């Protein structure tokens, strides 16, 4: 009996020793995994930097070829036949060199001519690939629009398809219109500048008439595309995010986080036109987030009311005395018409210019 007890005690001690020995091994494994991941990060960053360096050299080469062709057309009267002959010469004598069809050589000339006199944009074109440059050059009609998509493409690392989608959704026009209409709000609340008052959700594939639950469910099912529409600095914290105030629980439809601004973004979904009373609930949520959820190193939360429609005058009245960082946005479930947005943007700019002239006239002699 005593022998059995002795064996049992020894077994327990051995088991205890093995457990104690296992703890350092587990800690060591965790440290190793962390170290492995750091090494992978180093490798991935090196690959990205190498790709960017190669891409810069490639775009610089297209730039120099474009400049050379431009000079030959201008001073040596080169035309289509000589450029075509040059293309055949490369294919015959240097078949390993790709990308120099006659049409692509003319694009290099156009590329150089488009940006040669713009010191601001010339460095940006080297940060994105040739295909993206061709898309922007072909579809952006003004220098301002090209700058917009060049900057956005570089910042968000868009794929070809993502860039085409942003242009199809008229992101430039929508952003410029939003900035112009809401410029006073953005001055009061700079954090709102990452938001717009118009969003296009054509990818949701939901009927024209739908419920809030259907809208929320479709957004979550297409979260990657939804985040793309907002911008890649956004990430989802939660849906129907619960906040407690007093003895009551409340749910925010969608809670996002913006890395650039380091702040929470509360979104309220409304499948009806905006009503002034909607703002009160959002302001309540923002106060609850700032008091109970926001971390000390984060900036104040901002909010967005996502509605099926809005009357700009009603919105202006509602927000005129509000100091809360909130914006009212209209969403569409189909791609907008470019001409309508272009005309609206032109009208807003003409109005702003006329108001500026009126202000100047008002500052004359007494």
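Working only within segment 174-203, note down all residues that are closer than 22 Å to residue 273 by Cα, in a helix (DSSP H, G or I) and either free of Cβ contacts under 8 Å to residues at least 40 places away in the same chain or within 16 Å of the chain's Cα centre (by Cα) (or both). Full working, then the answer.
Pass one, segment 174-203, residues closer than 22 Å to residue 273 by Cα: 174-175, 177-182, 185, 192, 195-203.
Retained after the next criterion (residues that are in a helix (DSSP H, G or I)): 174-175, 177-181, 185, 192, 202-203.
Correct list: 174, 175, 178, 179, 192, 203.
Just the residues that are surrounded by fewer than 17 Cβ atoms within 10 Å (Cβ to Cβ) and either in contact with a strand residue (DSSP E or B) (Cβ under 6 Å, 6 or more places away or on another chain) or closer than 20 Å to residue 172 by Cβ (or both), please, taken from segment 96-118.
Across segment 96-118, the qualifying residue is only 118.
Among the listed residues 121, 134, identify the single one that is farther than 17 Å from residue 225 by Cα, out of contact with any strand residue (DSSP E or B) (no Cβ under 7 Å at 6 or more places or on another chain) and at pLDDT 95 or above. Before the answer, list the steps.
On the way: 121 fails: at pLDDT 95 or above.
Every option except 134 fails the conditions.
May I ask you to say which residue of 234, 250 is on the phi < 0 side of the Ramachandran plot, in contact with a strand residue (DSSP E or B) (Cβ under 7 Å, 6 or more places away or on another chain) and crowded, with 17+ Cβ neighbours inside 10 Å? Give the steps one after another, and end with the answer.
Working: 250 fails: crowded, with 17+ Cβ neighbours inside 10 Å.
After applying the criteria, what remains is 234.
Tell me, please, whether a residue that is at pLDDT below 95, under 23 Å from residue 109 (Cα atoms), under 13 Å from the mean Cα position of the chain (by Cα) and in a helix (DSSP H, G or I) can be found in segment 154-170.
yes
I'd like the residue in segment 256-274 that is without any contact (Cβ under 8 Å) to a residue 40 or more places away in the chain and touching a helix residue (DSSP H, G or I) at 6+ places or on another chain (Cβ under 8 Å) and, out of all such residues, is nearest to residue 154 (Cα to Cα).
Taking segment 256-274 as the starting set, the residues that turn out to be without any contact (Cβ under 8 Å) to a residue 40 or more places away in the chain are 256-257, 259, 262, 264, 266-268, 272-273.
Add one more test, that the residue is touching a helix residue (DSSP H, G or I) at 6+ places or on another chain (Cβ under 8 Å), and what stays is 256, 264, 266, 268.
Details: 256: 23, 264: 24, 266: 27, 268: 30 Å.
The extreme case among them is 256.
Here is a list: 228, 304, 286, 282. Which entry is crowded, with 17+ Cβ neighbours inside 10 Å, touching a strand residue (DSSP E or B) at 6+ places or on another chain (Cβ under 8 Å), touching a residue at least 24 places away in the same chain (Cβ under 8 Å) and closer than 21 Å to residue 171 by Cα? Let's see the steps before the verdict.
Numbers: 228 fails: touching a strand residue (DSSP E or B) at 6+ places or on another chain (Cβ under 8 Å); 286 fails: closer than 21 Å to residue 171 by Cα; 282 fails: closer than 21 Å to residue 171 by Cα.
Result of the check over 228, 304, 286, 282: 304.
Looking at segment 316-357, which of its residues are assigned to a loop (DSSP other than H, G, I, E, B) and within 19 Å of residue 176 (Cα to Cα)? Steps first, answer last, please.
Taking segment 316-357 as the starting set, the residues that turn out to be assigned to a loop (DSSP other than H, G, I, E, B) are 320-325, 333-337.
Passing the criteria: 335, 336, 337.
Which condition from (1) surrounded by fewer than 17 Cβ atoms within 10 Å (Cβ to Cβ); (2) more than 17 Å from the chain's Cα centre (by Cα); (3) assigned to a strand (DSSP E or B) is the one that residue 220 breaks?
Single failed check for residue 220: (3).
The values are calculated or read from the model by the stated rules, or taken from the named source; none is laboratory data. Because the structure is predicted, anything quoted here is derived from the model rather than measured. Note: ideal-geometry Cβ built from the backbone for every residue, glycine included; neighbour counts use all protein chains shown.
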